[in-house]
1. Here are some residues: B:Val83, B:Val105. Which one is crowded, with 22+ Cβ neighbours inside 10 Å, within 20 Å of A:Met356 (Cβ to Cβ), away from chain A (no Cβ under 12 Å) and in contact with a helix residue (DSSP H, G or I) (Cβ under 8 Å, 6 or more places away or on another chain)?
2. Can B:Glu78 be described as open to solvent by 10 Å² or more (accessible area, probe 1.4 Å), assigned to a loop (DSSP other than H, G, I, E, B), touching a residue at least 40 places away in the same chain (Cβ under 8 Å) and more than 15 Å from the ligand (Cβ to nearest atom)?
3. Take the residues in segment A:137-146 that are more than 16 Å from the chain's Cα centre (by Cα) and open to solvent by less than 10 Å² (accessible area, probe 1.4 Å), then tell me which one is nearest to A:Pro59 (Cα to Cα).
4. Quick check: anything in segment B:53-61 surrounded by fewer than 23 Cβ atoms within 10 Å (Cβ to Cβ), in contact with a helix residue (DSSP H, G or I) (Cβ under 7 Å, 6 or more places away or on another chain) and within 11 Å of chain A (Cβ to nearest Cβ)?
5. Among the residues of segment B:21-46, what is the count of those that are open to solvent by less than 30 Å² (accessible area, probe 1.4 Å), in a loop (DSSP other than H, G, I, E, B) and either away from the ligand (no atom under 16 Å from the Cβ) or more than 7 Å from chain A (Cβ to nearest Cβ) (or both)?
6. Restricting to segment B:52-75, name every residue that is more than 16 Å from the ligand (Cβ to nearest atom), more than 20 Å from A:Val45 (Cβ to Cβ) and not basic (Lys, Arg).
7. List every residue pair whose Cβ atoms sit under 7 Å apart, with the two residues 6 or more apart in sequence or on different chains, where the first one lies in segment A:101-112 and is free of Cβ contacts under 8 Å to residues at least 12 places away in the same chain and the second, anywhere, is open to solvent by less than 10 Å² (accessible area, probe 1.4 Å) and assigned to a helix (DSSP H, G or I).
8. Does A:Ala169 satisfy being at pLDDT 85 or above, more than 9 Å from chain B (Cβ to nearest Cβ) and surrounded by fewer than 18 Cβ atoms within 10 Å (Cβ to Cβ)?
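The values are calculated or read from the model by the stated rules, or taken from the named source; none is laboratory data. Every value quoted in this text rests on a predicted model; they were computed, and no experiment measured them. All Cβ positions, even for glycine, are placed from backbone atoms using ideal geometry, and neighbour counts span all protein chains on display. All accessible areas refer to the heavy atoms of the entire protein, side chains included, with ligands and DNA or RNA removed. Shrake-Rupley method; radii C 1.70, N 1.55, O 1.52, S 1.80 Å.
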Amino acid sequence: MIKQLHIPLGSQHAALLEPLRLDFSTENERIVSVRSDMGYVHRGVEHACMNRFDFKKVPFVVARVCGLCAITHSTAAVLATEQIVECMVSERAQWLRMLALEFDRIHSHMLCLAHVAESSGYEALFMHTMMERERVMEAQEILSGNRVQFDYATLGGVTRDMDSQCAQALLAKVGALKSVLSGLRDRFEANWSTQMRFKGVGAITLEEAYRLGTVGPIARAAGVRTDIRIESSHLPYRALGFEPIVALEGDLYARNRLRLEEIAQSIELIERILEGLPEGAHLSKVRGRPKGEAMARIEAPRGELFYYVRGNGGAIFERLRIRTPTYANLKAFEAIFLGQEYSSIPAILASLDPCMSCTAK
Amino acid sequence: MRLERFRKKSPWILHYNAGSCNGCDIEILACLAPRYDVERLGILNRGNPKQADILLVTGPVTHRSRDRLVELYTQMAEPKVVVAVGSCTCSGGIFRHMYHVGDGVDQFIPVDSYVAGCAARPEQIIEGVARALEILEHKSHEIERPFQLRGPLYCSGEQTIRRQMAAKVSDETN
Ligand code: SF4
């Protein structure tokens, strides 16, 4: 006999970091329909940026849209604004911005992996990943002075310059992380029980991923070769010889593996940035007020982040629009959840790495 | 008496995100992880309000989440303490006066310990929780009530029925 059950998850739940409500209908433990509600954390950041804060403060305000990818938000806002005001950004500042972005990517991916481990019952693996993640947090503190909200990118460059001592300390941190990464990979990939748990769960096919317009690790794990780092020329990623990584299976296991590989890749990028950091000023003067419209795209840890700004010569933007990666991925969530077992839901949800405060703004 | 003494040794935490940017949330998570490891103080994170002693709140309390916050608060058993983590939780911070936020948790429920910082560092969070534990020690079983959005408290004989306490909340919003 088939019995339908409705199971609500959230808005407050032990497995959720953020308030998000999902209503599942299940038939014999399989999900047949899902409805989501994610407006709990809407604060009105866009509205405030268009009414109260002048354009020089906006990068710091939008950083508070999301604490996990704060630096990507402020960098994207800065890159968009710089196109419509007078300012010359030095090569060095651009490289330092890339450095901060890559550190952010590592810490976000590690948090996601830890969360996946916890939600699928591997408490020790969660602890282990979080422990190694602290190295990145410390590196971020060395670079910028704060662990989470570091307000590093600002109009005209970055807020702090880096000396050789700091570069040495950063190199030591990523070197240490590199040596422990293989152990972490072993636990996630080569372990028999994690393979049983992750393989074939929460899969999305290449066509679906393409049709539903997914971005970021979810798309890349399904085989879509999309990475804004190579598609846009706002930041000089090409000079670093960057190539996107793709996997094929599109399931939870592939997403984990892709994230681990991207961490390794980011470490390599960081080493190359620290080696070839050009000389110059880290901050330059900004003149004039924003006039005209501009947009910027950037690869956040979760995928494409899009910023649109429009100014009319006043100190306050006429329009600011943020399109976040989780918003682009929402449609795919449903496709991934349908047909899955209810017990896998927390793990799948964690591996999709949704960011509600990004989505609701 | 004994319970009073040992409550302090293993306080359980309930964490609620009332519209924060996740910055402070991941620092709370970092506190639970090996580097800062609050579990050595007996602190465990449990998602159940009925079992929790400490309510850790982050975020300036958005209009959508305020009734959940009050509901969670009223469901917790006394004695209980509330720790506001992060500048935006204490006063609204950067979100102050935005059109969809409520300018801080203390507009809605009584707060015992404030942790400032954007984002609050794990050391600060641990200190704030330790301060809250001292307060918890001296608290009685007297029923504490939210400032806003609250319903009546009924008594029948010896028993107090608090089920209605958060009921008015849903009337107001729906
Ligand atoms: S205090 Fe700052 S970092 Fe913490 S939740 Fe609020 S905005 Fe985010």
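1. On the way: B:Val83 fails: within 20 Å of A:Met356 (Cβ to Cβ).
It is B:Val105.
2. Answer is yes for this residue.
3. Across segment A:137-146, the extreme among qualifying residues is A:Leu143.
4. No, the conditions are met nowhere in segment B:53-61.
5. 3
6. B:Ala52, B:Asp53, B:Ile54, B:Asp67, B:Val70, B:Glu71, B:Leu72, B:Tyr73, B:Thr74, B:Gln75
7. Listed pairs, sorted by first residue: none to list.
8. yes
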